[in-house]
Structures are given as C-alpha cells and as structure tokens.
1. Just one of (1) touching a residue at least 12 places away in the same chain (Cβ under 8 Å); (2) under 15 Å from PHE2 (Cβ atoms) trips up TYR41, so point out which.
2. What are the pairs, 6+ residues apart or on separate chains, where a residue within region 48-67 that is without any contact (Cβ under 8 Å) to a residue 24 or more places away in the chain has its Cβ under 6 Å from a residue that is assigned to a helix (DSSP H, G or I)?
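Computed from the coordinates by the stated procedures, all read-outs in this text should not be read as laboratory data. These figures come from a predicted structure and were not determined experimentally. Because the Cβ atoms are built from the backbone with ideal geometry, glycine has one as well, and the counts that use them run over all protein chains shown.
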Amino acid sequence: MFTVYAISSTVRKYVYVGLTSDLERRIHRHNSGYERTTKPYRPFVLIFQKDFPNRAEVREFEKYLKTTNGKREILGL
C-alpha cells in the first residue's frame, strides 16, 4: 500500500506533496528536520492523504497534485 500525502507548514506558506509506504514515519522525518527540502519550513500538519494499491498509480496522482490544479484541489480553492 502506498500513500500520496500533502503537509502544510504551520509557520510559513508552504505545502509539500510526497508519497510513501509509511506515512507516520515520513511525517516524523519531515517534522524532525531529516528532510533537507522541508527542514526550513517545520513544523508540518497533514492536510491530505490518499491510499493506492501500487507505486505506479500513486506516482501518477502525486505528479498531478504537484500541478497548479492539483494544489488547488488539496487546498479546496
């Protein structure tokens, strides 16, 4: 099982979209500063998640969420 997720910084205007097979561990890594791309924007809250049965499907949806229309969908705009 794979999950596509979006997290939002609680201190700055920043949304990160990613995929993982262990969501709890991945969010912990973001909030602990282990991920270079998100370290300056900590802490984060989970704002979106969707599960997929295989990596190919989750990767395709992740690509969509990283587009302008995908981010609008996440943020409800």
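1. (2)
2. Here the result reads TYR64/GLY70, each pair linking region 48-67 to a residue that is assigned to a helix (DSSP H, G or I).
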